[in-house]
Every structure is written in C-alpha cells, then in structure tokens.
Amino acid sequence: MTTTPGILAGYRVLDCSIAMAGPFAAQRLGDLGADVVKVEPVTGEWQRHAAGGGATGNRINVSFLSLNRNKRSLAVDLKDPQGQEVLRKLVAGADVFLQNYRPGVAARLGVDYESLKAINPSIVYLSISGYGEDGPYAQRPGQDLLLQAMSGAMLSSGRAGEAPRAAGQYLVDAVTASTAFEGVLAALLHRERTGEGQLVTVNMLDAITTLQMQELAVHTVGGLPQTRSREPHAHVYIRSPYGAFETADGYLVLAFPPLKTLGEIIGDDSLLDMVDEEHGWTHRDEIFAATARRLRTRPSQHWLDAFAAAGIWAGPVYGYADLLQDPQVRHNGTFVTYEHPTEGAVTVPGFPYKFSATPPRIDRGAPLTGEHTREVLAEIGVPDEDVARLLDAGVVVETT
C-alpha cells in the first residue's frame, strides 16, 4: 500500500451526517487523505442499526462498513451542553463540517452555519437536505425512492400502462453524495485562493433532477412529451430498439442499431426498408417486438458476436458475480480488498478517481462507535481527567 499522503492530507472533516448521502460524500474525502472524524451519537449512527440486505456483519453491519471507511469515530451526546462544547472545540480547528439534519435541527443544536462561522470563519460548511433548506417540502423525508418518483426519472422507461420501476440501487443518494463531494472540493479551492469559507447546500431533489439534464431539455426545449410505449423501451427519448432483451440463455442490451443492419443480422425482413430516424420513432413498438422475438431464438453470445462484427452497440446483462469476474473490472482494480479488525477481509468498490501523485487509499476501515473518542479529544487539548469525567457522565463513549 502506498505511503504517499493523499491529495487532501492536512484537511480535517467533521462528518455529522447519517444514512447514505452524507457519509458517502465524507468517505470520498477520506479516501483522498482527509482526516474525517465521524461525530456520532453515543448509541452509534442510525446506519449502524439498519442492516442493508440483512447483512449484519460481526460488530459492524455491511451498510455502515461500506460508507464509513477512512474515518475515526467520536461518540458524543450533542444534546448535552458539554457535548456541544466538545464539538465547538473541534470546529475551531476543522476545515469542513458536513451534516444532513432535517432543516432546523442544526440551529437547535447550535451547529448551524452562522454559529460555526463565528467560531471558525474559514469553515466550509456542507448541508445536505432532501428538498431544500426551506420551502413547502423542507420537512418532508428525503428518501431515495420518493425522490426517484418525484423527479420524473421512473417514467422515462418501462411499458405504458404498467407501474414504473425504481432503479436497482440507491440512485438519488449516490448522485447526491457525488454532488456534495464536488461542492466541498470547489469550496476548498475557493478558500485556498481567497481564505474565505462558505456555506454549501445540496439537496437530493435538485441532484436527481439535474442528473437528467439532457432528458429534461428534450422536454422543456424540444417540447416532446415523456411518453412511454407499449413495449418496455429503456428510455422514452431514444429511438427503437433500445433496452434489455431476452435471449435463449439469458439477456442482453441493445442500443439503437441501424435498422437495416439489424434486420439482416436477426433475419427479419420487416426492418430492411425502415429509415432509422423516421420509423425508429413512429414504429417503436413494432420494431421492439420484432427484435425481441428473434433474439429469443439464439444464445446471448451468438448475438453479441454478430453485433460486435457489425459495429452495433450491444452488451451483456451482468449480475454482481459477473461484474466481479469481468476482465476489464479486474484490470482497472475497480474493487479493493482490505483487512478490517473486526469484519475480516472486506472486498468493496474502490475509488472513482485516479491521481498519479496522490492516489486515494484505505488507511482504516469503518470504526466502532466511539473507537477514537479518547484520541480525538486529546488532539483538541481535553485533559485526561476531563475525558474521564465525560466518559463517566455518558456525554462521550468509547468502544475498544
């Protein structure tokens, strides 16, 4: 493992977030070398108690494990005035403060931007919300599925007349995390140039909406309605055929091939005289259905080889087990394996970025609740006797 400091080495991030979007964003910062202190309740962050997929782990469930590597844990009761004082001391020497409380909670705890700015004017303060810091929906729960539905994304695929299908991953949480990560980096760059900290706000509704930049522009600028067809096209604004198709032994995906060439390969004469940019729109269902009928007659690899030879965009439909074994994924080093002190060998997705001089790395796995409480308090000058007093009072906890 490289010993080169990460590109964000020297920056301290206080991660007061829960669930996925905030912790994932903070983990990205930690992967790049930032010292991320996860400030969590004395009972542990919510995600420690919500085992995604039922994967409970040994002492740390997989959901928490996957979103909290490269962090230290300080477990402190922020509802207690002594706990709030501990956090204020941390803020004085921090670079980034990250939270995704419901609007109004940060102010009640005394950790809103204005309060922390008074302590540290150069702080980069990131606030993540579901729908925005204020407005008519500000108090609604920012849950991934609700926002997929509200954003319109779920009605861009599938069959007309059938219920829309959600993405097979927490799409809104993930794109919100990436947006938050980008926002922090931009604010830190601004601070390097000017010395000025600032408030950065990100909300899940805007994140998933702006992800659909092209599709929404087709609607708002091009004036085309979002109309699903009878056949399950994967995208309402792309000509047929476009989507997943059953083969004799599995599935493949096919992306808007030239119709004449497609007809020749699959042996369907009805496609030979069709014009791509005319009939591909006016005969979407007929083309999709004809393609589906023919592709069911041969195995996936037969069709993939034929499409590749003709320069047609097609590919396999993987499960996770297939993904792990893919030669390009292995070549890229997409997954990393590291030893966790309580969970053993952990194999998870690695890093979505590469740097030649300051590569990201995993220095520590997800921490136990309060595992680093004593260590973090010592760094901000809390005497040993005061640490013992706070531990005895239950204001902070440590786990070994």
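The values are calculated or read from the model by the stated rules, or taken from the named source; none is laboratory data. Keep in mind it's a predicted model, so treat the numbers as computed, not measured. Cβ placement follows ideal geometry from the backbone for every residue including glycine, while neighbour counts extend to all protein chains displayed. In case anyone asks, the SASA skips ligands and DNA or RNA and just uses the protein heavy atoms, side chains included. Shrake-Rupley method; radii C 1.70, N 1.55, O 1.52, S 1.80 Å.
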(Q) Cβ-Cβ under 6 Å, sequence separation 6+ or interchain: first residue in segment 105-134 and under 15 Å from LYS89 (Cβ atoms), partner assigned to a helix (DSSP H, G or I) and open to solvent by less than 10 Å² (accessible area, probe 1.4 Å). Which pairs? (A) LEU116/VAL91; ILE119/VAL91; ASN120/VAL91; ILE123/LEU116
Q: Consider ASP273 carefully, then state whether it is at pLDDT 95 or above, open to solvent by 20 Å² or more (accessible area, probe 1.4 Å) and part of a loop (DSSP other than H, G, I, E, B).
A: yes
**Q.** Sole exception among (1) modelled with pLDDT of 95 or more; (2) within 30 Å of GLY135 (Cβ to Cβ) for ASP268, by number
**A.** (2)
Q. Looking at ALA186, ALA180, which is the one that is crowded, with 19+ Cβ neighbours inside 10 Å, of a type in the set (A, V, I, L, M) and not in a loop (DSSP other than H, G, I, E, B)?
A. ALA180
(Q) Which pairs turn up if I take residues in segment 180-201 that are more than 21 Å from ILE119 (Cα to Cα) and look for partners that are part of a helix (DSSP H, G or I) with beta carbon separation below 6 Å, at least 6 apart in sequence or on another chain? (A) ALA180/ALA25; PHE181/ALA25; PHE181/ARG28
(Q) So the check is Cβ under 8 Å with 6+ separation or different chains; which pairs have a first residue in segment 1-28 that's in contact (Cβ under 8 Å) with a residue 12 or more places away in the chain and closer than 15 Å to ARG69 by Cβ and a second one that's part of a loop (DSSP other than H, G, I, E, B) and aromatic (Phe, Trp, Tyr)? (A) MET20/TYR170
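Residues checked against (1) farther than 30 Å from ASP392 by Cβ; (2) modelled with pLDDT under 95; (3) touching a Pro at 6+ places or on another chain (Cβ under 8 Å):
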{"site": "THR4", "(1), (2), (3)": "yes, yes, yes"}
{"site": "GLY10", "(1), (2), (3)": "yes, no, no"}
{"site": "GLY33", "(1), (2), (3)": "yes, no, yes"}
{"site": "VAL37", "(1), (2), (3)": "no, no, no"}
{"site": "ASN61", "(1), (2), (3)": "no, yes, no"}
{"site": "SER66", "(1), (2), (3)": "yes, no, no"}
(Q) I'd like to check something: does segment 324-342 contain any residue that is more than 30 Å from PRO299 (Cβ to Cβ) and hydrophobic (A, V, I, L, M, F, W, C)? (A) yes
Q: Check segment 182-189 and report whether any residue there is touching a Leu at 6+ places or on another chain (Cβ under 7 Å), over 30 Å from MET274 (Cα atoms) and at pLDDT 95 or above.
A: yes
Q) Out of curiosity, is GLY93 farther than 20 Å from PRO41 by Cβ and surrounded by fewer than 21 Cβ atoms within 10 Å (Cβ to Cβ)? A) yes
Q. Taking helices (runs of 4 or more DSSP H) that fall entirely within segment 295-367, which contain at least 1 residues that are among the acidic types (Asp, Glu)?
A. 300-309, 320-325
Q.
Can you report the number of residues in segment 351-367 which are closer than 12 Å to ASN70 by Cα and open to solvent by less than 70 Å² (accessible area, probe 1.4 Å)?
A. 6
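Here's the yes/no breakdown for (1) part of a loop (DSSP other than H, G, I, E, B); (2) modelled with pLDDT of 95 or more; (3) touching a Pro at 6+ places or on another chain (Cβ under 7 Å); (4) surrounded by 15 or more Cβ atoms within 10 Å (Cβ to Cβ):
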| site | (1), (2), (3), (4) |
| --- | --- |
| ALA234 | yes, no, no, yes |
| GLY243 | no, no, yes, yes |
| ALA248 | yes, yes, yes, no |
| LYS260 | no, yes, no, no |
| GLY263 | no, yes, no, yes |
| GLU277 | no, no, no, no |
| PHE288 | no, yes, yes, yes |
(Q) Among the residues of segment 324-346, what is the count of those that are open to solvent by less than 80 Å² (accessible area, probe 1.4 Å) and under 23 Å from SER63 (Cα atoms)? (A) 13
